[in-house]
Amino acid sequence: MRRLALFAALLLAPLMARAQPVLNIYNWTDYIDPYVVQRFQQETGIRIRYDVYDSLETLEGKLSAGRSGYDLIVPTSEPTFARLVRAGALLPLDRTKLPNWRNLDPALMERVAKVDPGNAHGAIYLWGTVGLGIRLDKVRALAPDLALDGLDVLLKPENARRLAGCGLAVMDSAADVVPSILRWLGRDPDSGDAGDLRAAEAALLAIRPQLRAIPGSGALLNMLATGEICVALTYSGDVIQAAARAREAGRGVEIGYVVSKTGPHQFFDMLAIPADAPNPAAAHAFIDFLLRPEIIAAVSSHVRYPNAVPASRFLIAEPVREDPAAFPPEALLAQAFVPGTPGPAAERLRSRLWSRFRAGR
Ligand code: N2P
């Protein structure tokens, strides 16, 4: 009898493994708490396959090829999510499968409804700003008189020249860098005007010889954490994660986060399901799981980005919740701008600008 049971188990195991539902997630690097992934798998028996990208350009490239095979993606509200909504590339969400939708902050959801009427295709996952990660110990030693209070630290060529020795970097993303450059120049961050974009290109090329790298945001986080670079333009939570890792390593690397004095670039990243997702039911289950206050609080505590579930606020680890770099004060947010979605002509100019910047000419 026992032998028969063993035989049956051996025979059935591969069949059962094949029947196990799978959820294919495509998310940003360093943008979830692994415990949350594990807990979802345990609770539901759904197996998660998890891939990562570290720029909107990579995400858009993958999706535009079609049949990505993903069930859940995390595009920024503008430009990527807006374009996908417009192209009909996302599945309308079934709210009857999302009881925790009511936990979302209506005021924040209203802001992204601009590109997704009625919030039909996406829920806000996390949000943040773009600014400078600065290795304070090194930069203070190299330039004690330099005010560390805005993008000038990197974008003024004379500052870049002074600091070049300790390693400067800009993340590799036209979509998430160009708006801050335009704003720093006092121009419209969404401008598609050829003159404005030439000015942005000139500003980037002026510091290009001083840059050690133009890495993807994921690689940049690591370079910042190890102290390999000392000033970098990237995403808020990535800098705060790098700072935490550097502190834990205990080698004296001290990292701070600084945003533009004239108002930072703010972004909202959306949970969305591709129209051709193989397993939309599992994707709905995962979105609803993430919208539980204690789950999204675990995510925010781990990755150091705020979310859109107000009831999670006091469940977030105190050092993260109390960190103004992660949770910017209202006065700063009032000055922030959320970039729009460039049309095809502006997009072409931008991507040419970006290739020339990368090539350094
Ligand atoms: C996570 C970066 C996500 C923020 N590493 C970019 N929208």
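The values are calculated or read from the model by the stated rules, or taken from the named source; none is laboratory data. Because the structure is predicted, anything quoted here is derived from the model rather than measured. Note: ideal-geometry Cβ built from the backbone for every residue, glycine included; neighbour counts use all protein chains shown. Heads up: the accessible areas ignore ligands, DNA and RNA and are worked out on the full protein's heavy atoms, side chains in. Shrake-Rupley method; radii C 1.70, N 1.55, O 1.52, S 1.80 Å.
Shown for segment 255-361: the carbon plus sulfur share of the solvent-accessible area, taken with all protein chains present and a 1.4 angstrom probe, equals 56%. Protection proxy ranking for 135-148, 290-303, using the average of other Cβ atoms within 10 Å per residue and placing the highest first: 290-303, 135-148. Computed over neighbours whose Cβ is under 10 Å from that of Leu221, the net charge equals -2, Lys and Arg +1, Asp and Glu -1. Per residue, the Cα convex hull of segment 280-338 amounts to 96 Å³. For the pair Arg140 and Ala336, the difference between a 0.36 nm per residue extended length and the Cα-Cα distance amounts to 67.8 nm. Note: relative contact order over segment 200-353, using C-alpha pairs below 8 Å and six or more positions apart, is 22 percent.
Per the Debye calculation on segment 237-336 with a single equal scatterer at every Cα and no solvent contribution, log₁₀ I(q)/I(0) for q = 0.13, 0.15, 0.22 Å⁻¹ amounts to -0.59, -0.75, -1.17. When the Kirkwood radius is taken over all Cα pairs of segment 8-144, what Stokes-Einstein diffusion coefficient follows at 37 °C and 0.692 mPa s, in µm²/s? Here the translational diffusion coefficient equals 181 µm²/s.
Surface composition of segment 23-141: carbon and sulfur make up 52 percent of the accessible area, probe 1.4 Å.
At an R0 of 41 angstrom, the distance between the Cβ atoms of Asp193 and Ala275 translates into a FRET efficiency of 0.75. Modelled spin labels at Thr262 and Arg358, positioned 7 Å past Cα toward Cβ, are 2.8 nm from each other. Cα gyration tensor of segment 121-248, axes a ≥ b ≥ c as square roots of the eigenvalues: rounded (a/c below 1.5), prolate (a/b > b/c) or oblate? Oblate is the answer for segment 121-248, as a/c is 1.5 or above yet b/c matches or exceeds a/b.
With 31 Å as the limit, the listed pairs Lys62/Lys114; Lys114/Lys138; Lys62/Lys138; Lys138/Lys261 have Lys114/Lys138; Lys62/Lys138 beyond it between alpha carbons. Of the DSSP H helices in the chain, those that are both long (alpha-carbon extent of 18 Å or more along the helix axis) and hydrophobic (Kyte-Doolittle mean at least 0.0) are 2-19, 194-207. Heavy atoms of the protein chains alone define the surface here; on that basis segment 188-311 has 32 Å² accessible area per residue at 1.4 Å probe size. Taken over segment 202-269, the alpha-carbon convex hull comes to 112 cubic angstrom per residue. Summed over qualifying helices (DSSP H, 4 residues or more, each -39500 (n - 2.57)) and divided by its residue number, the chain shows a 222 nm mean residue ellipticity of -13500 deg cm²/dmol. With a cut-off of 11 Å between beta carbons, the residues surrounding Ile316 carry a summed charge of -1, where Lys and Arg count +1 and Asp and Glu -1. Normalised radius of gyration (Cα atoms, divided by 2.2 N^0.38 Å) for segment 70-191: 1.44. For the chain, the spread of Cα coordinates along the three principal axes comes to 81, 48, 38 Å, biggest extent given first. Expressed in nm to one decimal, what extension gain is obtained for the pair Arg245 and Arg348 from 0.36 nm per residue of sequence separation less their Cα-Cα distance? Net length gain for the segment: 33.3 nm.
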